[in-house]
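Working notes, beginning with the structure itself.
None of the figures in this text is laboratory data; all of them are computed from the coordinates on show. All figures in this text were calculated on a predicted structure; none of them were measured in a lab. Note that each Cβ is placed from the backbone with ideal geometry, even for glycine, and that neighbours are counted across all protein chains shown.
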Amino acid sequence: MTADVTMASPNVLMEIVIGSYEKYLLGYNLEMNLDQFILKPSFSTEAHIQSIKCIASSDKFLASGSIDETIQLFNMKTRKEIGALQKHNGTITCLEFFDYYLFSSGEDNNICIWSTKNWQCEKTLPADIVRWTPDGSHFLVSSGNSIDVYSVEKATVVWTIDFHKKICDFTFIKDDIVAIGGESEFIQFYDLKSKLKCFEIKVKTNRIKALKCVSTCEETFLVSASSDGCIKIWHLDLSETELKARKVAKVKTGCRPTCMTIILKSEN
């Protein structure tokens, strides 16, 4: 891992890490400097022998999954590579840290549960990944152009969101607000309570590959990575009855992003 900038600067709010089609992991620090937001490179490393498909981070670790069927592990406090995990037959499609575990899924339709204490696979489950709302009341399943919203209480689909274009990623802004990106020049926001589209951002690109929402210093930011190589950051105003967004930073990475994770300053 080649480090250009560390997280030691007191002006760093977060570190954005993207995986790329070109096999690289690239890090960018979001800094506040004289009331302006600036994105600066933090590290780069050729993590895999084939394209990276997914990425996840915890308070200490970074994991990336690839077409090469491996999960690469990094200690983000020491900025050192730990090693690789191999269990799946096929591309690694999703990674998620929870408590003292790393969950991975692959094209073999299995979920592996890894202990972050010794990196042993403790259990393998035949299942698919779903994404839960922050309050745990619903879970969302994306397929093609649409997302099915399931109620945990009713155990059934209560709404289907039609994005009209292929969906690449989605993220929760609040318990009941989800932002969706895909093969469209718009990031669209949907209210799960009213079952309506409530807002959209024109991003001037044809494909959003990754979306993340993060709150830091009592501020909320939406981060997007697009296939044209751009990372863009919007400040979201959630205080009003109407959601507002203001673009505060942008950087061209020089690669084709495929996935993204965010490490808050307090986590490192």
key: Built amide H within the under 5 Å cut-off of Leu264, gap 5+   = Glu15
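Tell me the chymotrypsin sites (Phe, Trp or Tyr not before Pro) within segment 8-115 that lie in a loop according to DSSP and have at most 13 other beta-carbon atoms within 10 Å.
Working: sites: Tyr21, Tyr24, Tyr28, Phe37, Phe43, Phe61, Phe74, Phe97, Phe98, Tyr100, Tyr101, Phe103, Trp114; in loops: Tyr21, Tyr100.
Here the sparse-neighbourhood loop sites are Tyr100.
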request  = For an R0 of 35 angstrom, estimate the FRET efficiency from the Cβ-Cβ distance between Ser194 and Ala155 and round to the nearest 0.05.
outcome  = 0.95
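Can you pull a Stokes-Einstein diffusion coefficient for segment 65-202 at 20 °C (1.002 mPa s), Rh from Kirkwood over Cα pairs, as a whole number of µm²/s?
Details: Rh = 16.7 Å.
In µm²/s, the coefficient rounds to 128.
Scale the Cα Rg of segment 82-130 by the rule-of-thumb value 2.2 N^0.38 Å and send over the ratio, two decimals. Write out the running numbers ahead of the final one.
On the way: Rg = 10.0 Å, N = 49, 2.2 N^0.38 = 9.7 Å.
Normalised by 2.2 N^0.38 Å, the Cα Rg of segment 82-130 equals 1.04.
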ask   = Spin-label point model (7 Å from Cα, Cβ direction): what's the Glu46 to Lys250 distance in nm?
value = 3.1
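Based on other C-beta atoms within 10 Å, arrange Val214, Val223, Val157 from fewest to most. Could the numbers behind the result be given before it?
Working: Val214 18, Val223 24, Val157 11.
Sorted ascending by nearby Cβ count, the order is Val157, Val214, Val223.
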key: Karplus-derived HN-Hα couplings along segment 132-139 (A = 6.51, B = -1.76, C = 1.60, θ = phi - 60°), whole Hz, x at Gly and Pro   = 9, 5, x, 8, x, 7, 9, 10
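Find the all-direction average of the projected area of the Cα convex hull for segment 23-123, expressing the result in square nanometres with one decimal place.
Result: 7.0 nm².
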query = Taking the Cα atoms of the chain, what is the range of coordinates along each of the three principal axes, in descending order and whole Å?
reply = 51, 46, 31
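What do you get for Rg/Rh over segment 11-51 if you use C-alpha atoms and the Kirkwood form of Rh? Don't skip to the end; give the middle numbers.
On the way: Rg = 12.4 Å, Rh = 11.0 Å.
Reported Rg/Rh (Cα atoms, Kirkwood Rh): 1.13.
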note = For segment 41-197, the count of lysine pairs 8 or more apart or interchain whose alpha-carbon atoms are under 19 Å apart comes to 17
message = Loop-only GluC sites (Glu not before Pro) in segment 179-221, please: DSSP not H, G, I, E or B, and at most 13 other Cβ atoms within 10 Å.
response = Glu218
request  = Please identify, among Pro41, Pro257, Pro126, the residue showing maximal mean-square fluctuation in a Gaussian network model of the chain using a 10 angstrom Cα cutoff.
outcome  = Pro126
inquiry  = What FRET efficiency comes out for Lys166 versus Phe103 if R0 is 25 angstrom and r is the Cβ-Cβ distance? Round to the nearest 0.05.
reply    = 0.50
ask   = Of the residues Asn33, Asn75, Asn118, which exhibits the maximal mean-square fluctuation in a Gaussian network model of the chain defined by a 10 Å Cα contact cut-off?
value = Asn118
ask   = Among all stretches of the chain without exposed trypsin sites (Lys or Arg not before Pro) (DSSP loop, at most 11 other Cβ atoms within 10 Å), which one is longest?
value = 1-116
ask   = Mind checking Rg over Rh on segment 116-268, alpha carbons, Kirkwood formula for Rh?
value = 0.98
